[in-house]
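Data first, discussion second: the structure below is written as structure tokens.
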Amino acid sequence: MSNKFPQYPQGKAILFKGPGKPFEVINKDVTGITLKEILVKNLYTTLCGSDIHTYCGHRAEAERVVLGHEIVGEVLWFDDEQELKDLNGELIQIGDRIVWSVFAVPEGVEAPRADMPQKSEQLFKYGHALATEQDIFNGGMADYCILKPNTAFLKISTDVPLKVAATISCAHSTVMGALRIAGDIMEKKVLIVGAGLLGISCVAMCREAGAKWIGLVDNDLSRLHWGPKFGTDETYLFPENTNAILPWPEADIVFDMTGSPKAMKTGIDSLALGGCAVWIGAVSPVDAVPVDAQKIVRKLLTIKGLHNYNYQDFTNATAFIMKEHTKYPFSELIEKEFLLDNVEEAFQFAIENKPVRVGIQIK
């Protein structure tokens, strides 16, 4: 190891121990890093919806996990016997700020399709992996993260606020993937159902992609006020009676960010002739969506799904945020910040107040 290794620093990790159980604080030396791994000093992580669902017991997860997968950090160590380059081919130096993909494809594993690396077998996912004595620094709620071989990472400008950069590796990259599979957005009417970070990010991306009209729907009025700030033409409360005439016009593309069967059905009902529904919110078991097959056939409709994202989406999302983070108030979407020592308080705030995002500062 020709780079001077930082003498096995000691770091803190916050362990999720199961729904309803207190977090466990672990202080441990950072050891066992291999020549193909990268040591990163975590700087910031945010509470994704899946973190909150795990904490509440709505999402199954191992009961010894360092949660947090929306992360930004600073390169602290790598073996410099070989040049280290990011996904764009840019040389990386100690001290560079980076973001990385939520997943790593294990060495020797071939992706099922080149455009679907996130569906590879034996996939490693940051913030979702079992924490062991030998591998505990693998999530956002810790001082450090050890990047596995084959992790896609990108250098990011220090001009991008930490709280915004952290959200690239899940929310913004997933939304960029949704736009990819939706096809050409230019001059299309777009309806986005769900005004969380996914939906709000989708508004901005569709606006920059040249959408003709953008509508944003949610059942929480307090969320809808973000719409105009990010480019909506209209915002709507989700109607109680979805069998009545819907309050919005038919759309060419409907993005569902909610995972609600009722919302997904309503999205299909909202499609114009030849329209496309893109579902990215349904990542947990839900009731079946009642689909009128005749409507799908006669209106020439398409339904597409996306889980996570690929490398192209990650690269494009990072470029989008670096270019547009001053045009749209992404920083304001992290509505409350806590220190790493106050993770439990952060989760309680998120559950009780339902902000778009809660941030965790890591000193």
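The values are calculated or read from the model by the stated rules, or taken from the named source; none is laboratory data. Note that the structure is a prediction, hence the values are computed from the model and not measured. For neighbour counting, all protein chains shown are included, and Cβ atoms are generated from backbone atoms with ideal geometry for every residue, glycine included.
One table, with the values for the structure above:
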{"item": "Of all residues in the range 260-273 being part of a strand (DSSP E or B) and either farther than 11 Å from Ile303 by Cα or modelled with pLDDT under 95 (or both), the one that is nearest to the chain's Cα centre (by Cα)", "result": "Ala272"}
{"item": "Qualifying residue in the range 318-327 (condition: small (Gly, Ala, Ser), touching a residue at least 24 places away in the same chain (Cβ under 8 Å) and either in contact with a strand residue (DSSP E or B) (Cβ under 7 Å, 6 or more places away or on another chain) or not assigned by TED's automatic domain parsing to the domain that holds Ala251 (or both))", "result": "no"}
{"item": "Search result, residues across the range 47-74 that are more than 17 Å from Lys12 (Cβ to Cβ) and either assigned to a strand (DSSP E or B) or of a type in the set (A, V, I, L, M, F, W, C) (or both)", "result": "Leu47, Cys48, Ile52, Cys56, Ala60, Ala62, Glu70, Val72"}
{"item": "Test: residue in the range 78-91 that is in the same structural domain as Tyr144 (by TED's automatic domain parsing), in contact (Cβ under 8 Å) with a residue 24 or more places away in the chain, in contact with an Asp or Glu (Cβ under 7 Å, 6 or more places away or on another chain) and buried (at least 19 other Cβ atoms within 10 Å of the Cβ)", "result": "no"}
{"item": "Pair list, Cβ under 6 Å, 6 or more apart: the range 216-241 residue more than 20 Å from Arg357 (Cα to Cα), other residue surrounded by fewer than 16 Cβ atoms within 10 Å (Cβ to Cβ)", "result": "Tyr236/Pro247"}
{"item": "Members of the range 207-224 that are more than 27 Å from Glu240 (Cβ to Cβ) and hydrophobic (A, V, I, L, M, F, W, C)", "result": "Ala209, Ala211"}
{"item": "Boolean, Tyr55 is within 22 Å of the chain's Cα centre (by Cα), assigned by TED's automatic domain parsing to the domain that holds Glu83, hydroxyl-bearing (Ser, Thr, Tyr) and at pLDDT below 95", "result": "yes"}
{"item": "Count of residues meeting criterion [hydrophobic (A, V, I, L, M, F, W, C), under 21 Å from the mean Cα position of the chain (by Cα) and closer than 12 Å to Ile156 by Cα] in the range 91-121", "result": "3"}
{"item": "Residues of the range 92-102 classified as free of Cβ contacts under 8 Å to residues at least 60 places away in the same chain and either polar (S, T, N, Q) or part of a loop (DSSP other than H, G, I, E, B) (or both), total", "result": "3"}
{"item": "Strands (runs of 3 or more DSSP E) fully within the range 175-259 counting 1 or more residues that are within 20 Å of the chain's Cα centre (by Cα) and not aliphatic (A, V, I, L, M)", "result": "213-218, 251-256"}
